[in-house]
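Reading through the structure tokens given below for one structure.
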Amino acid sequence: MDAAIRARGLCKWFGEGNLRTNAVRDVNFEAHFGELLYVVGPSGSGKTTLLSMLSGILKPNAGTVELEGQDIWKLSSNALADLRLHKIGFVFQDYHLFPRLTSAENVAIPLILRQQPWDEALKEAAAQLQIVGLKDRADLSPIKLSGGEQQRVAIARAIVSRPDILIFDEPTASLDGDTGRRIIEFIKREILNEHRCILVVTHDPRIFEYADRIIQMEDGQLKKVEEHTVQ
Amino acid sequence: MSGVLRIAYKLLVNDRGKFAALLIGITFAVLLMVMMTSMFAGVMSRASATVINTGSSIWVMDPAVNTVANAIPIPDYVLDAVRSLDGVKYAVPLFTGSGLVKLQNGDYQAVSIMGLDDSTLLGRPRLLEGRIEDIYADDGFIVVKDSEYAKMGSPSLGAQFEINDHKGVVVGIARVASSGLFGIPTLYTTYGRATQDLPTTRFTMSYVLVEPKSHDDIARIARAVDALGYRALTKEQFMQRTADFYKYQTGVGTNILLMTVISFIVGLSISGQTFYTFILENLEKFGALKAIGAKSRELVAMILFQAAFTGFTGYGLGVGLCALLIAAAKLRLPSYAATVTFFNLGLAFAMVLVITAFASYVGIRRVIRIEPFDVFRG
């Protein structure tokens, strides 16, 4: 499999002197296209910090991150924003959907940021909502949807611009067990493909079985890489 | 960018409670600011009504005169002296004063009297009815048909009245550009009749109206009149002097200025606070947008658009509401002195821009500072 993301010697610390906290220490790993990769570990182990550095959101203090061979931290802030817009899709833990917009408008946001005309963007958003099974919810505000439905709207927003890399932050944290499993099954079945790499930060053991590979973090370091047989 | 602004628009107007609070804040701030300044402009315009209506280029007066209504009579030789100055095309006397009219029904009514130069009738009003030459007829008076006209019993041509125990006959009905400040009807007659029928001091002339030969002569005439011990002011200077008197020596201007500043502060506080709360509530969403790939300038544009849209909508509503209130007030009170001027509108607009800029600034500061990482971190 090709490397979608390659991290080398990644370090991140916060504060200076006696107050310095090492959040991520010398992390090296690769993520591949066609792979559902979990980053797991206890709270404070550096999962979110690592994910933020990999996705071009948080600048590392040391090390490099290559996305499809390009060192992203050598890009200007605008180029980095463009890269996130075109190559990476995010599904946040709390979804961060705009309650004052309809579900379709929420999904269309990445396309609108890419200067796509409003009507075209909405049409494309409706198509993505159909993929996630929410075609009839397109005109509803996210606050009128259940947690699982909101999660799917967030997924539709993440995939609408067809990114190569998808990043899920605790995707099942706010969902009950069944819904969480259904969401992950859906992601694996419908969203993952050979041209896409999905990174999931989680500490929900109920969904570990769906991962292709699990990276375990502890105290800012990679402790273990666990290969799973594809389910 | 238009799609981003459309998102900004929907985020704003779909939050109906906040949007209404923002609009109410700015609308009432604008309403108060425009209302206050319009009332002031109305009072100022009426205070200078005689200057506006007469239309003379230069007014010669006693140096102690502060407003056109409070003329200090000047001796006749001033007229001759002014006429002899270099650069003076012509100069005529003007009488302004007040009198007591006894109407046909027996009621008494205070009136303002304008005595025009007998030979030229300089400063005469535009006649709606009657002929100007009839002002020379026995006891001839012209009545101004303004908001105070009814107080004279809405007389028609030929109507008779008594003024200071002299007979008066309405020979003309006229319209002027601006009504007076004091809510009393205005009568025009000749200078000679005015000084004959009305009790006066030893000197009778209120002002000398001067027309210079050219604009360049104004300064020279003013200097020469100064040397005589009197004061020559252009029409604009006289209006400004009148306005300054009401502004700084009566407290009217200070009070209105204070009210305007208070309105501005109230608008600024309500709008700034509400807009800040609106931004705070959406802060994480803006952070999420940044993470997705929105650039800072796009987020700044969204906030500026939201603030500007709210500000300008509130401005329009405030000005509209103010115009409506003034129109309604004038229906009930014809002499209600309030005038919406371009200056008032410009001033309120500038203040709305300040409110909008302030509200945007506080919002932009927060949004620029939010790190997408904070969204992940929760």
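Laboratory data are not the source of any read-out in this text; all were calculated from the coordinates shown. Keep in mind that this is a model prediction, so the values were computed, not measured. Neighbour counts run over all protein chains shown; Cβ positions are idealised from the backbone, glycine included.
When the distances between all Cα atoms of the stretch B:75-229 are binned every 10 Å from zero, what whole-number percent does each bin get?
With a bin width of 10 Å, the distribution comes to 11, 38, 30, 16, 5, 0.
Of the DSSP beta bridges with both residues in the protein assembly as shown, give the percent that are antiparallel, rounding to the nearest 5.
So the antiparallel bridges in the protein assembly as shown amount to around 65 percent.
Volume per residue, Å³, of the convex hull around the alpha-carbon atoms of the stretch B:280-347?
105
Please compute, for peptide B:4-12, the average count of beta-carbon atoms on other protein chains lying within 10 Å of each residue's beta-carbon.
For peptide B:4-12, the averaged partner shielding equals 3.
At 222 nm, what helix-only mean residue ellipticity would the protein assembly as shown give, in deg cm²/dmol to the nearest 500, using -39500 (n - 2.57) for each DSSP H run of four or more?
-14000 deg cm²/dmol
Arranged from highest to lowest average of other beta-carbon atoms within 10 Å per residue, in what order do the peptides A:63-75, B:363-375, A:29-41, A:103-115 appear?
Top to bottom by mean Cβ count within 10 Å: A:103-115, A:29-41, B:363-375, A:63-75.
Which one of B:K295, B:K145, B:K330 has the biggest mean-square fluctuation once chain B is modelled by GNM with Cα springs under 10 Å?
B:K295
Sorted by average packing, counted as other Cβ atoms within 10 angstrom per residue and highest first, what order do B:12-25, B:102-115 take?
B:12-25, B:102-115
Among B:119-128, B:211-220, how do they line up from the highest to the lowest mean number of other beta-carbon atoms within 10 Å?
B:119-128, B:211-220
Give the average, rounded to an integer, of partner chain Cβ atoms located within 10 angstrom of each Cβ in A:97-108.
Shielding by partners across A:97-108 averages 4.
Neighbouring Cβ atoms within 10 Å as the yardstick, rank A:C197, B:C322, A:C11 fewest first.
A:C11, B:C322, A:C197
What distance in nm lies between label points placed 7 Å from Cα along the C-beta direction at A:D71 and B:K330?
7.3
At q = 0.09, 0.10 Å⁻¹, what is the log10 ratio I(q)/I(0) for the protein assembly as shown, with the Debye formula run over Cα points and no solvent?
-0.77, -0.87
What does the charge dipole of the stretch B:75-229 about its Cα centre add up to, to the nearest 20 debye, if the Cβ of each Lys and Arg holds +1 and the Cβ of each Asp and Glu holds -1?
For the stretch B:75-229, the charge dipole is close to 260 debye.
Hey, rough spin-label estimate for A:A79 and B:Q249, points 7 angstrom out along Cα→Cβ, what's it come to in nanometres?
7.2
Just going by the charge dipole of chain B, with Lys and Arg at +1 and Asp and Glu at -1 on Cβ, which of B:A232, B:T200, B:L11 is farthest out on the positive end?
After comparing all options, I get B:L11.
Any of B:K213/B:K330; A:K123/A:K188; B:K18/B:K247; B:K151/B:K213 with alpha carbons more than 31 Å apart? Name them for me.
Where the Cα-Cα span goes over 31 Å, the pairs concerned are B:K213/B:K330; B:K18/B:K247; B:K151/B:K213.
Per-residue mean of other chain beta-carbon atoms within 10 angstrom of the beta-carbon, peptide B:280-293?
6
From the residues B:L94, B:V144, A:P60, which one has its Cα farthest along the dipole of the protein assembly as shown in the positive direction, the dipole being from +1 and -1 charges on Cβ of Lys/Arg and Asp/Glu about the Cα centre?
Positive-most Cα among the choices belongs to A:P60.
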